[in-house]
Amino acid sequence: MKAIQSIRGMHDILPDAVHVWQDLEDRIRHLLEAYGYQEIRLPAVEFTELFARSIGDVTDIVEKEMYTFEDRNGDLLSLRPEGTAGCVRAGIEHGLLHNQVQRLWYKGPMFRHERPQKGRYRQFHQVGIEVFGIPGPDVDAELLAFTARLWKALGLRNLRLEINTLGTPASRARYRDRLIAYFESHRDSLDPEALRRLHENPLRLLDSKHPDTAAVARGAPTLLDDLDAESRTHFDTLLAQLDALGIAYTHNPRLVRGLDYYTHTVFEWITDELGAQGTVCAGGRYDGLVEQLGGRATPAIGLAMGLERLVALLIDQGVVKPPPGPDIYLVVPGGAGTGREALAFAEHLRNELPTLRLVLNCGGGSMKAQMKKADRTGARYAVILGPDEIAAGTVVLKPLRDSDAGQLTLAQQDLPALMRARLDRQP
Ligand code: ATP
Ligand code: MG
């Protein structure tokens, strides 16, 4: 029979790679906790309307990337393409946002029907961070300081920060008109999709991937001239705070984010080492979104990092630590008669040493075969418990990694204390 395969763009993460993911996720979580963030867990499916209302109808995500389906009772639902909309929805629904500060984060799979390629998948994973109730720019700077610290903690190099401001909705509206006028004057060079979006969402044309439209976009006016005093103050203060923190950035006046809801600060952390899919983290301020989704006006800022891209970068830059092997592989030669004693002894060791990583040889096998298995697990020690040892109340402790330390035989009851001492010496 023909085997069934996984869906294009939706990948298994195999055990060999999972430790890199776990290490990454652990470090992110610890640092988030250190900055006072709380985790929130959100559903992977929401009403389609939530995404249409927040991300915007005339965006790549809503127009062509969402997995949308009708539920059995006729509701129109979508797999979440990103996490901000659901987080805001939950915040409003549970009264977490009004008149209070929330620092929230979440992680999980997101779904977008894109053309799969390196660094671009149909199911991918993000860690998202959202801060509600603070107008900034202090918290904007702190969020960027968090990310800079995270890259450092992970050992990642060569990530650069690009930053821009989209200003207040009023300055954005002025810019919008100017952009429409500019693109109108280059109508003949625009592709059909650009023409269709021109009046609805002209900012989208700025990061068009179509070569002709992109060429026109390169000459487009920037938003800088339309910024009002409030927008300028927000941006200048943020940049001064970044300077004071020693966080390097490039002001890229052409940086606009793919979603409709951004105001003021937008930013991306980019690497040149992953080809075209070089943005590992992106975000910005979205002061209007909570109100747009039915809550009371609440300032907010957030970001999302793409975990697949961070994992790829960690591996490419060689900063991945090998997974820890077991402390002990328990070798139990001598046939079925030792099974009961071996199980009991393994559980006894686990009682005595709660953090012990112990793999019990199940399924029998010769001494030689078991020792081979022990070695393959990367275990630090083999502990041998055969019929002779059982009869004498002893075990044999055989170091598998330290070539200078010799093998020794000791009483079974002395093993926990010895292991405690040796494991304490582990870095
Ligand atoms: P891009 O310009 O690469 O399409 P985007 O603007 O659509 O990115 P966001 O919606 O801002 O991306 O998502 C935040 C981060 O999530 C991205 O910077 C990236 O690291 C990651 N990401 C987005 N889409 C994908 C995908 N299809 N596969 C893998 N990672 C992704
Ligand atoms: Mg995209």
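The figures follow:
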| quantity | calculated |
| --- | --- |
| Order of S366, S171 under a 10 Å beta carbon neighbour criterion, fewest first | S366, S171 |
| Taking W21, W151, W105, W269 and counting other C-beta atoms within 10 Å, the order from fewest to most | W21, W151, W105, W269 |
| Most mobile of L353, L144, L313 in a GNM of the chain (Cα contacts under 10 Å) | L353 |
| For the stretch 220-346: rounded, prolate or oblate by the Cα gyration tensor [a/c cutoff 1.5] | prolate |
| Two-site FRET efficiency, H113 against D188, from Cβ-Cβ distance with R₀ of 25 Å, rounded to 0.05 | 0.20 |
| HN-Hα J in Hz across the stretch 40-48 - Karplus 6.51, -1.76, 1.60, θ = phi - 60°, x for Gly and Pro | 10, 10, 10, x, 8, 10, 9, 4, 3 |
| For T394, residues with placed amide H under 5 Å, excluding near neighbours | Q412 |
| Among E341, E308, E200: highest mean-square fluctuation, GNM of the chain, C-alpha pairs under 10 Å | E341 |
| Modelled FRET efficiency - R0 35 Å, R218 with V319, Cβ distances, 0.05 increments | 0.50 |
| Interchain or long-range residues, amide H under 5 Å from E46's placed H | S78, R80 |
| Karplus 3J(HN,Hα) series, Hz, for the stretch 383-397 with 6.51 cos²θ - 1.76 cosθ + 1.60 (x for Gly, Pro) | 10, 9, 10, x, x, 5, 5, 4, 5, 8, x, 10, 9, 10, 9 |
| Interatomic Cα distance distribution for the chain, bins of 10 angstrom, percent | 4, 18, 23, 20, 13, 10, 8, 3, 1, 0 |
| Selected from D287, D16, D191 as most flexible by GNM, with the chain as the system and alpha-carbon contacts under 10 Å | D16 |
| Karplus-derived 3J(HN,Hα), 6.51/-1.76/1.60, for each residue of the stretch 71-82, Hz, glycine and proline x | 5, 4, 9, x, 6, 8, 10, 9, 5, 5, x, 6 |
| Pairwise label distance in nanometres, D26 with S366, each label 7 Å out on the Cα-Cβ vector | 3.8 |
| Length added when fully stretched, D12-L423, from 0.36 nm per residue minus Cα-Cα | 144.6 nm |
| Alpha-carbon Rg/Rh ratio, for the stretch 101-190, with Rh computed the Kirkwood way | 1.07 |
| Under 5 Å, built H, 5+ apart or other chain: amide partners of L330 | V359, L360, N361, V383 |
| Where N is the number of residues in the stretch 328-424, Cα Rg divided by 2.2 N^0.38 Å | 0.98 |
| Residue exposure sequence - M66, M10 - by fewest surrounding Cβ within 10 Å | M10, M66 |
| Compactness index (Cα Rg / 2.2 N^0.38 Å), the stretch 257-330 | 1.67 |
| Share, in percent, of DSSP beta bridges within the stretch 328-424 that are antiparallel, nearest 5 | 55 |
| Quotient of Cα Rg and 2.2 N^0.38 Å for the stretch 1-113, N being how many residues it contains | 1.29 |
| Gyration tensor (Cα) of the stretch 1-61, equivalent ellipsoid semi-axes in angstrom | 27, 27, 10 |
| Links that overshoot a 22 Å alpha carbon limit, given the list K321/K372; K64/K209; K64/K118; K368/K398 | K321/K372 |
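Computed from the coordinates by the stated procedures, all read-outs in this text should not be read as laboratory data. All figures in this text were calculated on a predicted structure; none of them were measured in a lab. Note that each Cβ is placed from the backbone with ideal geometry, even for glycine, and that neighbours are counted across all protein chains shown.
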